[in-house]
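A short worksheet on the structure shown next.
The values are calculated or read from the model by the stated rules, or taken from the named source; none is laboratory data. Given the structure is predicted, the values throughout are model-derived calculations rather than measurements. Backbone-built Cβ (ideal geometry, glycine too); neighbour counts: all protein chains shown.
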Amino acid sequence: MSDSPFSGRIALVTGGSRGIGRACVERLARGGADVAINYRSNDAAAAEAVEAVKQLGRRAIAVRADVSQADAVTTMIATVERDLGPIDLLVNNAGVFDYAPHTEMTLDVWQRTLNINLTGLFLVTWGVKDGMIARNFGRIVNMASISALQPRPLSIAYSASKAGVVGFTRSIASAFAAHNIRVNAVAPGLIETEILEGVSQQAIDKIVDATPMKRIGQPDEVAALVQFLLSDESSFMTGQTLVTCGGRVMVP
């Protein structure tokens, strides 16, 4: 892969201040892109991410917005286009995670999870797609999960939302292909991010034991796949979901 596969490109990473999103931000910047970092609440983490990009010699801005709110998304995209330029590369990474038995599952949890993980992804994609179509270029990567591919009795809303991400990815990949817009997804297993704060050590140990590679993943391992899917190295791929989970789920 070229040292600067994204030279001259503008990228937007939602949920880009921490974890997998932050790793994607830095990968894109190292690849030559200027990066807009969306975040919801952590001003300090967003500022750190911006500074990391600037240290790599690229332009960066942080844009605070709740991706589940249509007006906020419209304002966010307008800000990115004003300050950096038209968005060429989109990483839909913003998301929330639920972990509870069905007896504790509520309508509020269901709606919040679907609104952020699926409706938010739709809103951001719809906010950039017309510009990508007009320029006849776009690359989109959506963050799914292995929860979309196997039963998750303790993460019902999350699993449903991520299954929706896979279906959405396939459908828009087909719809946008004629406009030189490629759309793919990544489905990680358990990754060492802040999400683990809500998971017991016993549950983590059980997952590691069920993983052939006997470990959890690192954010940069996911970001490497995102970089591949956004680059010309994957020029004949669209509508695909790449699984990275240490062998915990194996698909054809």
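Mind listing just one residue for me: the one in region 209-219 that is surrounded by fewer than 16 Cβ atoms within 10 Å (Cβ to Cβ) and touching a residue at least 12 places away in the same chain (Cβ under 8 Å) and, of those, nearest to Gly8 (Cα to Cα)? Please lay out each step first, then the result.
Step one: list which residues in region 209-219 are surrounded by fewer than 16 Cβ atoms within 10 Å (Cβ to Cβ), which gives 209-210, 212-215, 218.
When the remaining residues are screened for being touching a residue at least 12 places away in the same chain (Cβ under 8 Å), the result is 210, 212-215, 218.
Values: Ala210: 43, Pro212: 40, Met213: 38, Lys214: 40, Arg215: 37, Gln218: 28 Å.
Here the answer is Gln218.
Is it the case that region 144-155 has a residue that's within 20 Å of Leu230 (Cα to Cα) and touching a helix residue (DSSP H, G or I) at 6+ places or on another chain (Cβ under 7 Å)?
Going through region 144-155, the residues within 20 Å of Leu230 (Cα to Cα) turn out to be 144-145.
Checking the rest, the ones that are also touching a helix residue (DSSP H, G or I) at 6+ places or on another chain (Cβ under 7 Å) come to 144-145.
Among the residues of region 144-155, at least one is within 20 Å of Leu230 (Cα to Cα) and touching a helix residue (DSSP H, G or I) at 6+ places or on another chain (Cβ under 7 Å), which makes the answer yes.
Looking at region 2-29, which of the residues that are assigned to a loop (DSSP other than H, G, I, E, B) and at positive phi is surrounded by the most Cβ atoms within 10 Å (Cβ to Cβ)?
Of region 2-29, the ones assigned to a loop (DSSP other than H, G, I, E, B) are 2-9, 14-18.
Still in the running and at positive phi: 8, 15.
Details: Gly8: 10, Gly15: 24.
Here the answer is Gly15.
Can you pull out every residue in region 232-249 that is more than 14 Å from Val186 (Cα to Cα) and not charged (D, E, K, R)? Quick ask: steps written out before the conclusion?
The initial filter retains those residues of region 232-249 that are more than 14 Å from Val186 (Cα to Cα), namely 232-233, 235-236, 247-248.
Answer for region 232-249, where residues must be more than 14 Å from Val186 (Cα to Cα) and not charged (D, E, K, R): Ser235, Phe236, Gly247.
How many residues, within region 30-71, are part of a helix (DSSP H, G or I), under 17 Å from Gly8 (Cβ atoms) and either at pLDDT below 95 or under 16 Å from the mean Cα position of the chain (by Cα) (or both)?
Going through region 30-71 one residue at a time, the tally reaches 0.
For Gly198, work out the one condition from (1) over 20 Å from Gly95 (Cβ atoms); (2) surrounded by fewer than 19 Cβ atoms within 10 Å (Cβ to Cβ) it doesn't fulfil.
Gly198 satisfies every listed condition except (1).
I'd like to check something: does region 85-92 contain any residue that is at pLDDT 95 or above, part of a helix (DSSP H, G or I) and crowded, with 22+ Cβ neighbours inside 10 Å? It would help to see each step written out before you state the result.
We begin by selecting, within region 85-92, every residue at pLDDT 95 or above; these are 85-92.
When the remaining residues are screened for being part of a helix (DSSP H, G or I), the result is none.
No - not one qualifying residue is present in region 85-92.
Which pairs have Cβ atoms under 6 Å, sit 6 or more apart or on different chains, and link a residue in region 158-182 that is without any contact (Cβ under 8 Å) to a residue 60 or more places away in the chain and surrounded by 21 or more Cβ atoms within 10 Å (Cβ to Cβ) to one that is of a type in the set (Lys, Arg) and not in a helix (DSSP H, G or I)?
Ser159/Arg152; Arg182/Arg139
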